[in-house]
Amino acid sequence: MAHLSGDNSKLIARVRRLRGQLEGVERMLFEGDDCYKVLQNASACRGAFNSLMREMILSHIDHHLIEAEGTSKEARATGKEIQDILKSFLK
């Protein structure tokens, strides 16, 4: 994740939690758990993955556009506007 700036420990923690959730879904399927419970857990995995992607995209914009050396004020403002749009859209 070279394009992501700063400490990636929070992203790595998200990935590990997501892995645990997916393993839980796998276990539930293997054990034949109730469909509703499996679907709820699969939905939680989708939400966790979407949150991970959101954070990675916002970080990418921040690193390569907003905080990049030589970026104009207009480009920085546009980057922040794009981030605001994504935050609203990717809830």
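The values are calculated or read from the model by the stated rules, or taken from the named source; none is laboratory data. These figures come from a predicted structure and were not determined experimentally. So basically every Cβ, Gly included, is an ideal-geometry build from the backbone, and we count neighbours across all protein chains shown.
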| field | G6, sole failed condition from (1) on the phi > 0 side of the Ramachandran plot; (2) at pLDDT 95 or above; (3) not basic (K, R) | value | (2)
| remark: Of the residues in the range 26-55 that are among the acidic types (D, E) and in a helix (DSSP H, G or I), the one that is nearest to V15 (Cα to Cα) is E55
| note | Scanning the range 32-82 for residues that are touching a residue at least 40 places away in the same chain (Cβ under 8 Å) and either touching a Leu at 6+ places or on another chain (Cβ under 6 Å) or closer than 28 Å to L18 by Cα (or both) gives N50, L52, E55, M56, S59, H60, D62, H63, H64
| task | Considering each of E67, E23 in turn, give the residue that is of a type in the set (D, E), modelled with pLDDT of 95 or more and on the phi < 0 side of the Ramachandran plot. | result | E23
| request: Starting from residues that are among the polar types (S, T, N, Q) and surrounded by 14 or more Cβ atoms within 10 Å (Cβ to Cβ), keep the ones in the range 30-62 and report whichever is nearest to the chain's Cα centre (by Cα). | output: S51
